[in-house]
Amino acid sequence: MIDRDRLLTACRKVLDDNRRGDHTIPSGKMYPHQWLWDSCFIAIGLSHYDPERAKTELLSLVEGQWNNGMLPHMIFEPGLRYLPDRWLWNSHVNLNSPKNLTTSGITQPPVLAEAAKQIGDKLSPIERKRWYAQMLPPLIKYHKWLYEEREPNEDGLVTLIHPYETGLDNTPPWTRQLHDHHKPWWLPLYKYLPVDFIIHRFRRDIKRRNKYQRISNLDALLYLDIVWLYRSRNYEIKAILPHDKFLVEDLTYNCILIRANKHLRQMADEAGYNLPEDLLSAAARSESALEALWDHENKEYYSRSFSEGGLIKISSISGLIPLYSGAVSQKRARQLAERLKDNNTFGPDYPVPSVPVNSNWFKQHGYWQGPTWINTNWLIIQGLKDYGLDKEAKALTEKTLKLIEKHGSREYFSPLKGTPAGAKKFSWTAALTIDLLN
Ligand code: GLC
């Protein structure tokens, strides 16, 4: 039996320890800034016991919104100590970036509507209406920006320009895409470069954790290279989309967007708001576009290459996220849920692995290439519940909670042995545990 109260108290303490004024950082030393989807998950947890703090968490995110509508994936903490992080991005080269704080120049999954809605659900009708009226303008601006800038073909699928934007940083489809299509001039010289020296200046993670649990130095350098490239182009989308061949119409991102659009419609209805027509038709396009990512042969959903148009046929946790979108048929949802029962793929003892255990890519502690993460479990659980697959949702909830009860709010876990890895006192693990306990 899970000791509910003890677990709740421990999780609340994590969120208190990681609180920094109006927002909460993901984890003390390893992730000292504010991240977009982290703060949304955190607000979902907070909404259960401190809706005011949950609101503040989201409002602080919105302060980082760019004039064009983009919500940046990171808002940097001020102070001399963090100058290298701010210098690296130097997003002020783009005139849309906010003046009074410093942010990154890319975005992250659009979980904001879900978080705003979850907070709304816990408020009285009058307060809810007021809250939605506060959140709808930045949310509409963000979703409009996504379609205006990132859906140039009007095919319903938005395109991501950096692996960080998916939130599943080095998930195999992205890693493959990058290795195949991003070949900076220095790549042939890589083995002769003082890579460790350069990389260690920017990598907080391997100073603190076993490097075999983290992204490889080559991949980390490729990620930095893309940031430098975009910075040199002032983060102008017109200078990016036609040139870079590694861009991805990302499955997880688009599934989250489809659900977020539905939340937006519900929030607008409740607050008596009219959503712009172009946004409504873009949202409808997205829902039907999901089918284009289904592969009939393998019976699986995949991300798609933006420049080449082909599916990137490498299995990953993303293949289960269509459950969360709510846009697949009941039959398809059942088919996806079946995969959770297969020990060789997504159903080992401590599910759900970020890569199926029988994949060549699988490493039980390899960052986004094997471990179980609590936020993706949470997305899958929401989806299972919505499709009425309550037994499956309950089973996954129990397994998830047991893992955290045993090892604490760690960043990720081995799906084979349950052993914890990555950051300790990780905020979204704590916050989503609170939600699952409720
Ligand atoms: C890593 C994760 C990303 C998360 C960030 C902060 O980059 O891949 O999803 O937002 O850490 O926790």
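The values are calculated or read from the model by the stated rules, or taken from the named source; none is laboratory data. Here the structure is a predicted model, which is why all the values come from computation and not from measurement. Neighbour counts run over all protein chains shown; Cβ positions are idealised from the backbone, glycine included. Please note that ligands, DNA and RNA were not included when accessible areas were found on the heavy atoms of the full protein model with its side chains. Shrake-Rupley method; radii C 1.70, N 1.55, O 1.52, S 1.80 Å.
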Which count do you get for residues in region 3-30 that are surrounded by fewer than 20 Cβ atoms within 10 Å (Cβ to Cβ) and among the hydroxyl-bearing types (Ser, Thr, Tyr)? 1
Only one of these conditions is not met by GLY64: (1) out of contact with any Lys or Arg (no Cβ under 7 Å at 6 or more places or on another chain); (2) farther than 25 Å from GLU149 by Cβ; (3) within 16 Å of the ligand (Cβ to nearest atom). Which number is it? (2)
State whether one or more residues within region 4-17 are part of a loop (DSSP other than H, G, I, E, B) and not β-branched (Val, Ile, Thr). no
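So that you can scan it fast, the table gives a plain yes or no per residue for (1) touching a residue at least 24 places away in the same chain (Cβ under 8 Å); (2) within 16 Å of the ligand (Cβ to nearest atom); (3) of a type in the set (Lys, Arg):
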position: LYS299; (1), (2), (3): yes, no, yes
position: GLY309; (1), (2), (3): no, no, no
position: ILE317; (1), (2), (3): yes, yes, no
position: LEU320; (1), (2), (3): yes, no, no
position: TYR324; (1), (2), (3): yes, yes, no
position: ARG334; (1), (2), (3): yes, no, yes
position: PHE346; (1), (2), (3): yes, no, no
position: TYR367; (1), (2), (3): yes, yes, no
Quick one: LEU403 ticks every box in (1) aliphatic (A, V, I, L, M); (2) more than 16 Å from the ligand (Cβ to nearest atom); (3) closer than 28 Å to TRP294 by Cβ; (4) outside any loop (DSSP other than H, G, I, E, B) bar one, so which box is it? (3)
Quick one: ILE140 ticks every box in (1) touching a residue at least 60 places away in the same chain (Cβ under 8 Å); (2) closer than 18 Å to HIS48 by Cα except a single one, so which number is it? (2)
Does any residue of region 296-318 turn out to be over 20 Å from the mean Cα position of the chain (by Cα) and among the aromatic types (Phe, Trp, Tyr)? no
Which listed residue is within 15 Å of the ligand (Cβ to nearest atom), at pLDDT 95 or above and not in a loop (DSSP other than H, G, I, E, B), from THR429, THR433: THR429
Looking only at region 227-247, which residues are open to solvent by 10 Å² or more (accessible area, probe 1.4 Å) and hydroxyl-bearing (Ser, Thr, Tyr)? SER232, TYR235
Exception for ALA43 within (1) within 25 Å of LYS99 (Cα to Cα); (2) open to solvent by less than 10 Å² (accessible area, probe 1.4 Å) falls at (1)
Checked region 104-133 for anything among the polar types (S, T, N, Q) and within 25 Å of CYS255 (Cα to Cα); matches are SER104, THR107, GLN108, GLN118
Determine whether LYS391 is within 20 Å of the chain's Cα centre (by Cα), of a type in the set (Lys, Arg) and over 12 Å from TYR350 (Cβ atoms). no
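Within region 139-160, is there a residue that is within 16 Å of the ligand (Cβ to nearest atom), at pLDDT 95 or above, open to solvent by less than 30 Å² (accessible area, probe 1.4 Å) and hydrophobic (A, V, I, L, M, F, W, C)? First the steps, then the outcome.
Taking region 139-160 as the starting set, the residues that turn out to be within 16 Å of the ligand (Cβ to nearest atom) are 160.
Okay, now just the ones that are also at pLDDT 95 or above, so 160.
Going one step further and asking which of them are open to solvent by less than 30 Å² (accessible area, probe 1.4 Å), we end up with 160.
Filter again for hydrophobic (A, V, I, L, M, F, W, C), leaving 160.
Yes: one or more hits.
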Hits in region 22-37 (condition: within 9 Å of the ligand (Cβ to nearest atom), out of contact with any Leu (no Cβ under 7 Å at 6 or more places or on another chain) and over 11 Å from PHE426 (Cα atoms)): HIS33, TRP35, TRP37
So LEU58 clears everything in (1) within 11 Å of the ligand (Cβ to nearest atom); (2) open to solvent by less than 10 Å² (accessible area, probe 1.4 Å) except one condition, right? Which one? (1)
